[in-house]
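One structure is given here, and the rest of the page talks about it.
The values are calculated or read from the model by the stated rules, or taken from the named source; none is laboratory data. All of these numbers come straight from a predicted model, not from anything done at the bench. Note: ideal-geometry Cβ built from the backbone for every residue, glycine included; neighbour counts use all protein chains shown. Ligands, DNA and RNA are excluded from the accessible area calculation, which covers all protein heavy atoms including side chains. Shrake-Rupley method; radii C 1.70, N 1.55, O 1.52, S 1.80 Å.
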Amino acid sequence: MSDNRPDPNRPLEWARLRAAAASNQFQQMLREPPRITLAKAAGIGAGIALFAVLAVWVWIYWGLPRVPDADTLWATNRQQSVMFVDSEGRFLGVRGPYYGSRARLAEIPDYVPQAFLAIEDRRFYEHEGVDRTAVIRAVLANLRAGETVQGGSTISQQLARNLFLTREQTVNRKLREMVLASRIERRLTKDEILELYLNRVYLGDGAYGIDAAARRFFGHPANELTLAEAAMLAGLPKAPSRSAPTESLERATARQHTVLAAMVEAHYITPEQAEEARNQRIRVITRPNYERSMGYAFDLAYQQARDEVGDNVPDLVIQLTIDKDIEDAAANSVRRRLGNRAFGRRPLQASFMAVDRTGAIRALIGGTDYNTSKYNRVTQARRQPGSTFKAFVYTAAIESGFDTEDVRYDEPIVINGWRPRNYDEGYRGAVTLRTAFALSINTVAAEVAHEIGPNRVAGVARRLGITTMPAQGAFVPDSIALGSIEVTLWDMTSAFATYMNDGQRIDPYLVQRVTDTSGRELYRRPPYQGPRVLDEQVVRRMTSMMGAVVLRGTGTGAQLPGRDVAGKTGTSSDWRDAWFAGYTADYTAVAWVGHDDFSSMGRTTGGTLPAQIWNDTMRVAHQGVDPHPLPGIEQPARSPREVEMATFFDGLADAFGDDKQDQSLGDVLERIFQ
């Protein structure tokens, strides 16, 4: 009997057999209808539902942040912002978004939060983050209108959006907003939520929170808001950029009326109160351009604050030592005194700095206009101080045993090939050091510096805080006597403040205190006691000499009625720089005028523009300050020796008829000692 099975040793026949069997099986499956049981259908449905739920959960919850505590929420998602206030806490300016100071519910009038509750979330204290009634009402209103006319978001939802989400109009964002609002409600109390919302809500013109908005729009903090102002602010969250009173007072007023009506409906205020608020005239302030003059101080203060607190704090409130009134006086004087010379192809520039006895900087002007030039001429510019540097020459001389009444000759001299000349090109003959200093005689200052040695002069300047002096032991030119080595105005102010402070160094500082906007203190200036660098008697003799400069010398333009003033004028060669450095018992200030390109100002001296700027500013600085005597300011009476000298030289003048040279000594002595 023959075997019909394929030969297993023939692979091709086996493959054909398996293909035929598979084809038969597939045809049979197609002919028979599928049999799906109820259990199988339920299983498939449950799987699909589970997958859908999982997909929705991932869609809503994936990447959703955890809600931290209230203190952490305060700094969550804040843009970097810096607010500057003056020594009295008055607002000076802001860089970046404006967050203001923390407004606490207990410190603001009740009608402020009530205004927001009335228009934004009247059932705030009843729901748990999502007001389902308001959501349904908003959905119906939107369906009737065919567009979005109501949002239905609670204050908790708005806070969640402001802290964690974007403002995009999507279903996903709305659902995530609801979840986060519920989490916030479980994490914080209602009052904490409301307070945080009032401090973070955007109200237009770069202002975040009610305190920032109150200061920006009305010029005062949130705790001074009137009912009318509060209602106007509460109307802004719906369209802050369009409705801000600085953008459109008409739209802001219309929203204010809507809020007042809502407050009456919610029984927060009476109709009479609402009507009174509607009739109140609201004064919206024009934001002053503080950057124009304060930008130089802001730059310095911000850098110092960041050095102290680091970069991890997003928002800072920096309290400067600046006195707003003194700063404004200095800025206004610079603009008024320079006038049209501050504009054009080669604008005239000016800088100014004032400190008190503690070293606190009360005014700092780095140029005529920060918006035009951010180059800080207080700290960055190195200029020749001219005759203001003679203060250090004569200080070194007195320390070396010289007396203010010693006599030197004002005459042509040559020192190591250098020929110093006087401003007026004339010579006065024999003069006392006091007279030579008061009249800023160059030849005598050069002679004195040569006698004691230029290195000794540089050493005194270095000791008083002039950081640009040659190192100890290095070569110092003889011309240092007339201020040939460049200095900064910052250093000059620090050095002259030593005379005001009876010989003790001060350390000028600009930042008094740094906090974040919640009020948490991050830095406070530590107490500082400067070292003594000058003997008190040396200081008082120098004060007497510098007092003569202001009383009857080159600095008369700096005189303050009823105040003791000492100081020194300075003008560099070819009138490239003009200075006045002066002090009273309460303040030291230095003013400089010049061109950035070192070109000539055309006979502008330290006794003109700089002394005038100094005088204008110091008049304001001393308002309300009791007059205090300046130790050593007293001027000595004419001694018999001085009378004899004056008579002698007057006799020579009669004998030789040289009125231009010798006779002037009697006139000079009369001016100095009358």
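Summing +1 for each Lys or Arg and -1 for each Asp or Glu among the other residues whose beta-carbon sits under 15 angstrom from that of ALA585 gives -3.
Extension gain, GLN635 to LEU522: 0.36 nm times the residue separation minus the Cα-Cα distance gives 35.8 nm. Sorting 495-503, 330-338, 193-201 by average packing, meaning the other beta carbons within 10 Å per residue, from highest down gives 495-503, 193-201, 330-338. Summary of the geometry: region 255-314 and region 432-479, compared by the centres of their Cα atoms, lie 54 Å apart. Peptides 595-606, 570-581, 424-435 ordered by packing proxy, namely the average of other Cβ atoms within 10 Å per residue, highest first: 570-581, 424-435, 595-606. A viscosity of 0.890 mPa s and a temperature of 25 °C, combined with the Kirkwood radius over C-alpha pairs in the Stokes-Einstein formula, give region 328-389 a diffusion coefficient of 192 µm²/s.
Would you kindly state how much longer the chain becomes between THR133 and ALA239 on full extension, computed as 0.36 nm times their sequence separation minus their alpha carbon distance, in nm to one decimal?
Extra length available between THR133 and ALA239 comes to 35.8 nm.
Looking only at region 397-411, which residues have a backbone nitrogen under 20 Å from a spot 7 Å from the Cα of ASN455 in the C-beta direction? Output list for this probe position: 397-402.
The fraction of all Cα pairs in region 361-494 landing in successive 10 Å bins from 0 to the largest distance is 12, 39, 30, 15, 4, 0, given as whole percents.
Label separation (ARG66 vs ASP424): 8.2 nm, computed from points 7 Å beyond Cα along the C-beta direction.
Which net charge results for the neighbourhood of ALA228, defined as the other residues with beta-carbon distances under 13 angstrom from its beta-carbon, given Lys and Arg at +1 and Asp and Glu at -1? That works out to 0.
Given R0 = 41 Å, the distance between the Cβ atoms of ARG283 and THR468 translates into a calculated FRET efficiency of 0.25. For a test of the definition: using alpha carbon positions, the gyration tensor, and the 1.5 limit on a/c, classify region 183-306 as rounded, prolate or oblate. Judged from the Cα gyration tensor, region 183-306 comes out oblate (a/c at least 1.5, b/c at or above a/b). Within the straight-line cut-off of under 15 Å between alpha carbons, the aspartates and glutamates reachable from LYS374 are GLU291, ASP299, ASP596, sequence neighbours fewer than 8 places apart in one chain being disregarded.
If you take every residue apart from THR258 with its C-beta less than 14 Å away from the C-beta of THR258, what net charge results, scoring Lys and Arg +1 and Asp and Glu -1?
So the environment of THR258 carries a net charge of +2.
The share of accessible area on region 566-614 that comes from carbon and sulfur is 47 percent, using a 1.4 angstrom probe.
Within the accessible area of region 341-478, what % is carbon and sulfur when the probe is 1.4 Å and the other protein chains stay in place?
Numbers: 2470 of 5270 Å².
C and S atoms contribute 47 percent here.
Taking a ≥ b ≥ c as the square roots of the eigenvalues of the alpha-carbon gyration tensor, region 446-599 is classed prolate because a/c is 1.5 or more and a/b outweighs b/c. In the context of the full set of protein chains, region 210-252 has a per residue accessible area of 34 Å² (1.4 Å probe). The calculated FRET efficiency for VAL179 paired with THR372, based on their beta-carbon distance and R0 = 41 Å, is about 0.20.
If R0 is 41 Å, the Cβ-Cβ spacing of GLU536 and ASP596 corresponds to a FRET efficiency of close to 0.55. Protection proxy ranking for 180-186, 96-102, 340-346, using the average of other Cβ atoms within 10 Å per residue and placing the highest first: 96-102, 180-186, 340-346.
Fully extending the segment from ARG104 to GLU88, taken as 0.36 nm per residue of separation minus the present Cα-Cα distance, adds 3.7 nm. Evaluated at q = 0.10, 0.13 Å⁻¹, a Debye calculation over the C-alpha positions of region 257-391 (equal weights, vacuum) places log10 I(q)/I(0) at -0.55, -0.73.
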